[in-house]
Amino acid sequence: MIDAPIWQTSYRHPTPWTTELPPMSMPALFDAAVEQHAVRPMIDFLGRHYSYAEVADSAHRVAAGLAALGYGKGDRVGLFLPNVPHYVAAYYGALLLGATVVNFSPLYTVDELVHQVEDSGTRVLFTISASALLPTALKVLDRSGLERLVVGSVAGALPPAKSLVYRLFRGKEVTKRPDDARVTAFSALIDNDGSFDRPAIDAERGVALIQYTGGTTGAPKGAMLTHANLSANARQVVSLDPRRDEVDRIVGALPLFHVFANTCVLNRTVVNGGEMVLLPRFEAGQVLAAITRTKATALPGVPTMYQALLDHPKLAATDFSSLRMCISGGAPLPAELRDRWQAATGARLVEGYGLSESSGVLTCNPYEGEQRPGTIGQPVPGTRLRLVDKEDATKEVAAGAPGEIVARGPQVMAGYWNRPDAAADAFVTLDGEQWLRTGDVGVIDGDGFVAVVDRLKDMISVGGFKVFPSQIEEILYHHPAIKEALVVGIPDAYRGEVPRAYVTLNDASDPATATDPDALLAWLNPQLGKHERVDRVVVRDTLPKTMIGKLSRKDLLAQVAAEAGTAS
């Protein structure tokens, strides 16, 4: 069995693999940081600074405001927000109240958001007055069981001069908050003294965050991450940094609604008393300017972000001298991209790995010393990995052989919200313990470095976001011209993968639209989230099938690779 002894004897991270991580609630984690670092800057938002004490005051006012509206322990509080100070205050405010946070991605369609609101039982949703968000949130309010919107203003979070410019020149990007009893201004919510009755929280049982994910298969499900899960993973990530006692200023360009950023930008930085340089969305020029302006020390991202930064004309003028560490996750990191980034910036770029179901991080390459190109590194402290048979997960594979990666550690989820059936499929029992099945096939070398060599799941990774081909195929079948449909991931130099649809047509289809791939593309993409949109619809006479007549995605991928000359 490949297990603990490897990481006890060949561990490359600065903190022992055997480090204990006692259960801790997220309010306790936050309180400790505020007490120790009250006057330190916690957030830099486009030049406006918020100290730990100021953020704590806002979080307490959020909690008090929610309590005054009748919300409390166990209620689900949704965040439909970009990277703005409102997110941090609402996140920790809800947790202080004992509520469960639900992250909602701005990339999702109204229908997807309505489903997740209904599935999670979210009662109140935080958003901002941006035209890209508020109109969508209002539609969700009308079409779901959501009770209330809390709407913040981006201009109010900016420095005075920038706030004036925003109001004068970017008004078209703002939607006026409607006069609706169900809609509360963020400023009105926090107009209180911050007093509320703080509940007792069971760190190991209390669900802090519902993070929607596809798991290993199927439609998105809500991974239940406990207070102990999130606080453990934050401490695990901090423990990887041998220079954590030095200046810690991290660029928050990854969206906080993504589990990667939730752990590696937000919670991890709070544990370490660092500063988050929050950017509302990823814009390569803005990120480069922020690195120079703030003398940032760390930049987590997905491979597509690093590629965009390398391609930007301002790269050569950027001062990277302060940047020590960059962590790549969400999708495989090409070796050529890593080498180009390190040569251009002088900052180390290491690859890590994790899932929503594991609070974000399971493994990472060492920040200093040896790293193994082509691997996802070694497990973070307190995390065990095994490799099991791809056909029978109850059996381990022989040493050195590939197998499905299964994981166990304090950061592994409690299960899926309202889906015990799905949770049962996500875990396997080995030696009387529950292990999380990742759906990825890997190998572990003699020093405990892990490489992902294949994946069991059909998910497509687009710039770090997961896309489920079955959901796109379901929409394709609504078109009267389409007879059969398969969606596969095609390698893409910028995003890692991009979805592409392959279809066959009904004989009686309308020749004006059905035989025109561009018309099918124009019909399909508006119905999809931005990250789900396909690059092409390819019309074929036939699609490959298995011996029993089932459409074969595996065989289609083999055909596409052969046609492109990339078949192995």
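A few points about this structure:
- Candidates 247, 265, filtered to the one that is open to solvent by 30 Å² or more (accessible area, probe 1.4 Å) and touching a residue at least 12 places away in the same chain (Cβ under 8 Å): 247
- Residue within the stretch 535-544 that is among the basic types (Lys, Arg), modelled with pLDDT of 95 or more and open to solvent by 60 Å² or more (accessible area, probe 1.4 Å) present: yes
- Among the strands (runs of 3 or more DSSP E) confined to the stretch 289-374, the ones with at least 2 residues that are more than 25 Å from residue 442 (Cα to Cα) and not basic (Lys, Arg) are located at 298-301.
- Of all residues in the stretch 383-412, exactly one satisfies the criterion of being open to solvent by less than 10 Å² (accessible area, probe 1.4 Å) and within 25 Å of residue 119 (Cα to Cα), namely 411.
- Look at the stretch 430-450: where a residue is farther than 23 Å from residue 213 by Cβ and touching a residue at least 40 places away in the same chain (Cβ under 8 Å) and a partner is part of a loop (DSSP other than H, G, I, E, B) and among the aromatic types (Phe, Trp, Tyr), sitting 6+ places away or on another chain with Cβ atoms under 8 Å, you get 448/11.
- Residue count, the stretch 452-490 (criterion: of a type outside the set (A, V, I, L, M) and part of a loop (DSSP other than H, G, I, E, B)): 9
- Where residue 83 falls short, out of the listed (1) crowded, with 24+ Cβ neighbours inside 10 Å; (2) closer than 22 Å to residue 464 by Cα; (3) in contact with a helix residue (DSSP H, G or I) (Cβ under 6 Å, 6 or more places away or on another chain): (3)
- The stretch 14-57 - residue that is in a helix (DSSP H, G or I) and touching a Phe, Trp or Tyr at 6+ places or on another chain (Cβ under 8 Å) and, of those, surrounded by the fewest Cβ atoms within 10 Å (Cβ to Cβ): 37
- Some residue of the stretch 64-73 being buried (at least 16 other Cβ atoms within 10 Å of the Cβ), of a type in the set (Lys, Arg), under 28 Å from residue 197 (Cβ atoms) and out of contact with any His (no Cβ under 7 Å at 6 or more places or on another chain): no
- Scanning the stretch 382-413 for residues that are of a type in the set (A, V, I, L, M, F, W, C) and in a loop (DSSP other than H, G, I, E, B) turns up 393, 397, 398, 399, 401, 412, 413.
- Output for the stretch 104-150, where each listed residue is among the polar types (S, T, N, Q) and either closer than 22 Å to residue 207 by Cα or assigned to a strand (DSSP E or B) (or both): 105, 116, 120, 122, 127
- Criterion: free of Cβ contacts under 8 Å to residues at least 24 places away in the same chain and either closer than 25 Å to residue 242 by Cβ or β-branched (Val, Ile, Thr) (or both) - qualifying residue of 339, 319: 339
- Test: residue in the stretch 90-113 that is touching a strand residue (DSSP E or B) at 6+ places or on another chain (Cβ under 7 Å), charged (D, E, K, R) and in contact (Cβ under 8 Å) with a residue 12 or more places away in the chain: no
- Residues of the stretch 2-13 classified as among the hydrophobic types (A, V, I, L, M, F, W, C), in a loop (DSSP other than H, G, I, E, B) and surrounded by fewer than 16 Cβ atoms within 10 Å (Cβ to Cβ), total: 0
- Selection within the stretch 191-218 - assigned to a loop (DSSP other than H, G, I, E, B), modelled with pLDDT under 95 and within 21 Å of residue 150 (Cβ to Cβ): none
The values are calculated or read from the model by the stated rules, or taken from the named source; none is laboratory data. None of these values were measured; they are calculated from a predicted model. No Cβ is skipped: glycine too gets one built from the backbone with ideal geometry, and neighbour counts run over all protein chains shown. Quick note on the areas: whole protein, heavy atoms, side chains included, nothing else; ligands and nucleic acids left out. Shrake-Rupley method; radii C 1.70, N 1.55, O 1.52, S 1.80 Å.
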